Amino acid sequence: MQIRAAVLEEFGEPLVVQEVGLADPAPGEALVRLVACGVCHTDLYTASGVDPSGYAPTVLGHEGAGVVEAVGEGVKDLAVGDHVVTLFSPQCGECVHCLDPRTNLCMAIREQQGKGYLPDGTTRLHRGDEELRHFMGTSTFAEYTVMPEIALAKVSPEAELDRACLFACGLSTGLGAAMFTAKVQPGSTCVVFGAGMVGLGAVAGCRLQGAERILCVDLSEDRLELARGQGATETMVAGPDTVAEIVESTDGFGADYTFEATGNVQVMRQAVEAARMGWGLCTVAGVAGKGETLDIVPRLLITGRRVAGSSFGGVKGRDQVPQLVERYMRGEIDVDPFISHRISLDEVNRGFELMEAQDGIRSVIEFPA
Ligand SMILES: NC(=O)c1ccc[n+]([C@@H]2O[C@H](COP(=O)([O-])OP(=O)(O)OC[C@H]3O[C@@H](n4cnc5c(N)ncnc54)[C@H](O)[C@@H]3O)[C@@H](O)[C@H]2O)c1
Ligand SMILES: [Zn+2]
Ligand SMILES: [Zn+2]
């Protein structure tokens, strides 16, 4: 079939929305009609050419939600009409990591996905004779996509897909960092550095876990306002004395849990230093630039602080994204304040501009039915 899609032709250049070819799903794959897709930093990071593992041409997009329109041979758990959220972090359910509760890093299709291919090492996207590679195994800046079944989370048919799409990346990453990586205990004190999509999700996750104090730190007053809406009990504008102020406000000890959601290694360091001696856990969710390192004074670790990284919030996608969406539907997660702009596929480059200008939290691309 022919579909419209936003193609990254050249790094550093605007995406070009155009017609491309999409082949039928192979065994184990499904054809999904996109209903909505968020525009995330990782799309911009790859488009800019800064990501060392990036490639072009490719169809970008990874924060998608839609409806299954066809399934390939052997697909067991999905049927035509199912509502799905796309997963750049799949869950095969069988590999050594899927069988272990300690990680969500499924091994099944990592290698091919990283190179831009579907699990059988080929692409479904093409333009004439030229193959077009898939991005993050998802390529959801498009009217339709073909993805492996193990990378699609089946969600309630009642969930509004223009909100559910945020669970495909940023929101689940933040929620999961608090719920699944840190496993915040009720009554604890939490500090979240950064109030973008990921940090705000972490604030909401701390609230859902029953934290008593949730302090959010950001440079922007507008974003701190959003953090209060998600359950932050205190907010602080970031400055040179941030760590000292946090330590002071926690009886000189630091917080039980800290979260870093900025991608800045200096802030990561602050998040470690603001964690409590004895048992404070710092969870790093931000993605640092290539070659950057995190400086930690070893004494902070000897005296009981711990550091954990979190990819996609530790969320095991097919099992847990539907559960998070259920909690949204029960009114426990307020998704609407995250959606600042609704745009069409043709306006995808405007989504990037808004993100660079820090105008709002998320632009969501809507596809007409
Ligand atoms: N681990 C994962 O799986 C995963 C998934 C998605 C995104 N990310 C990463 O998470 C990070 C956050 O993503 P986002 O979409 O929320 O980004 P964002 O740019 O919307 O938010 C970052 C926030 O950090 C704030 N900030 C900047 N410097 C600060 C400082 N010194 N102190 C306190 N706050 C500061 C900014 O004002 C902004 O509000 C990025 O690095 C992104 O690449 C990771
Ligand atoms: Zn993302
Ligand atoms: Zn697996």
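What follows is calculated from the coordinates using simple rules that are stated; it is not laboratory data. Just so it is clear, the structure is predicted and the values come from calculations on it, not from any experiment. Every residue, glycine as well, gets a Cβ built from its backbone with ideal geometry; the counts of neighbours run over all protein chains shown.
Explain nothing, just the number: dipole magnitude of the chain about its Cα centre with +1 on each Lys and Arg Cβ and -1 on each Asp and Glu Cβ, in debye rounded to the nearest 20.
1100 debye
Quick one: which residues, 5+ away or cross-chain, put their amide H under 5 Å from the amide H of Ala238? H built at 1.01 Å from N.
Asp218, Leu219
Given the peptides 167-174, 148-155, 227-234, arrange them by the average over their residues of other C-beta atoms within 10 Å, most packed first.
With the highest mean Cβ count within 10 Å placed first, the list reads 167-174, 148-155, 227-234.
Compute the orientation-averaged projected area for the chain from the convex hull of its Cα atoms and round it to one decimal in nm².
17.2 nm²
Kindly write out, for the range 76-81 in residue order, the coupling ³J(HN,Hα) from the Karplus curve 6.51 cos²θ - 1.76 cosθ + 1.60 (θ = phi - 60°), rounded to whole Hz, with x marking Gly and Pro.
Along the range 76-81, the couplings run 9, 9, 10, 9, 4, x Hz.
Once you keep just the Cα pairs under 8 angstrom separated by 6 or more residues, what percentage relative contact order results for the chain?
18 percent
Does the range 134-175 come out rounded, prolate or oblate by the C-alpha gyration tensor, with a ≥ b ≥ c the root eigenvalues, rounded set by a/c under 1.5 and, if not, prolate when a/b is larger than b/c and oblate if not?
Prolate, because a/c is 1.5 or more and a/b exceeds b/c.
For a quick protection proxy, order the peptides 179-185, 190-196, 249-255 by their average other-Cβ count within 10 Å, most packed first.
Top of the packing list down: 190-196, 179-185, 249-255.
Quick one: which of 337-347, 132-142 comes out on top by average Cβ neighbours within 10 Å, and what's the full order, highest first?
For the peptides 337-347, 132-142, the packing ranking is 132-142, 337-347.
What lysines sit close enough to Lys183 to cross-link, taking a C-alpha to C-alpha distance under 25 Å and skipping anything fewer than 8 places away on the same chain?
Within the straight-line limit of under 25 Å, Lys183 reaches these lysines: Lys154, Lys316.
For the range 206-324, what does the alpha-carbon gyration tensor say about shape, rounded, prolate or oblate, given a ≥ b ≥ c as the root eigenvalues, a/c under 1.5 as rounded, and a/b over b/c as prolate?
rounded
Specify which residue in the list Leu152, Thr103, Ala142 is farthest towards the positive end of the charge dipole of the chain, using unit charges on the beta carbon of Lys, Arg (+1) and Asp, Glu (-1), about the Cα centre.
My answer, from the dipole projection, is Thr103.
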